[in-house]
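Chemist: The following block contains the structure, expressed as structure tokens.
The values are calculated or read from the model by the stated rules, or taken from the named source; none is laboratory data. Here the structure is a predicted model, which is why all the values come from computation and not from measurement. No Cβ is skipped: glycine too gets one built from the backbone with ideal geometry, and neighbour counts run over all protein chains shown. Heavy atoms of the whole protein, side chains included, go into the accessibility calculation; ligands, DNA and RNA do not. Shrake-Rupley method; radii C 1.70, N 1.55, O 1.52, S 1.80 Å.
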Amino acid sequence: MSTFADYAAHGWKLCPIDPGLKGPEMKGWNLPERMVTHPLAAQQLKAGGLCHAYSGTCAIDVDDYELAKIWLLARGVDLNRLFSDPNAVRIKSPRTNAGKLVYAMPLPMPSKKISGGDDGLRTILEFRCGTANGLTVQDVLPPSPHPDKNGIIDGPYEWIGDWRHLPELPRELFDIWNVLVTTQPEAADATPQQEHST
């Protein structure tokens, strides 16, 4: 099983999270100087998050697989193919109809949320990396515990694939993301900084 010390030794920048939460709650957690970077410090963590913009990574966070598949297919992307790619690296939670693909992304991009559902307000998909004001968002890393919607821990997050060898973000996803950033600018403090559902 991979440890937080392994992630730090790999060069990833981490943030501490209280076990059972989906993100850090302290103010300023995503400032560069707040990152956990040394393996000895990282091994003290009980739960932690991967800070994408400082680690050269990003995530495609699927909150509703079926709706996200339709949205992406309309833009020429086959979500089934992305998830079944033998080189894909995923973070799996106990939730069904959801999943998270993790990619290498040397150039940080502001995160973008896609809404849908019957009322058009439910998050179905997120492109996650940085904030509009140049900071980072995070995603909870295995083996952190996963809380259900009532805050009860229902199992750990798990890796599928080798996190040490992340594939690069596919060009087709980068192009969609770039269009979203270009056409949907937002206030610097409006970008989600924490994982909210997966």
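Chemist: Given the conditions (1) without any contact (Cβ under 8 Å) to a residue 60 or more places away in the chain; (2) farther than 18 Å from Ser93 by Cβ, report the number of the one that Asn30 does not fulfil.
Modeler: (1)
Chemist: Can you confirm whether Ala59 is within 30 Å of Leu121 (Cβ to Cβ) and in contact with a Gly (Cβ under 9 Å, 6 or more places away or on another chain)?
Modeler: Working: within 30 Å of Leu121 (Cβ to Cβ): yes; in contact with a Gly (Cβ under 9 Å, 6 or more places away or on another chain): no.
In short, no.
Chemist: For region 116-141, name all the residues that are of a type outside the set (Asp, Glu) and part of a loop (DSSP other than H, G, I, E, B).
Modeler: Correct list: Gly117, Gly120, Leu121, Cys129, Thr131, Ala132, Asn133, Gly134, Leu135, Val137, Leu141.
Listed here are the residues, each with its yes/no results for (1) modelled with pLDDT under 95; (2) touching a Phe, Trp or Tyr at 6+ places or on another chain (Cβ under 6 Å); (3) in a loop (DSSP other than H, G, I, E, B).
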residue: Tyr7; (1), (2), (3): no, no, no
residue: Ala53; (1), (2), (3): no, no, no
residue: Pro86; (1), (2), (3): no, no, yes
residue: Leu107; (1), (2), (3): yes, no, yes
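Chemist: Are there any pairs with C-beta distances below 8 angstrom linking a residue in region 64-87 that is farther than 13 Å from Leu101 by Cα and acidic (Asp, Glu) to a residue that is part of a helix (DSSP H, G or I) and open to solvent by less than 80 Å² (accessible area, probe 1.4 Å), with the two at least 6 apart or on different chains, and if so which?
Modeler: Between residues of region 64-87 that are farther than 13 Å from Leu101 by Cα and acidic (Asp, Glu) and residues that are part of a helix (DSSP H, G or I) and open to solvent by less than 80 Å² (accessible area, probe 1.4 Å), the close pairs are Asp78/Leu72.
Chemist: Let me ask something else. Would you mind finding the one in Thr57, Thr37 that is β-branched (Val, Ile, Thr) and over 16 Å from Asp139 (Cβ atoms)?
Modeler: Of the residues listed, the single one that is β-branched (Val, Ile, Thr) and over 16 Å from Asp139 (Cβ atoms) is Thr37.
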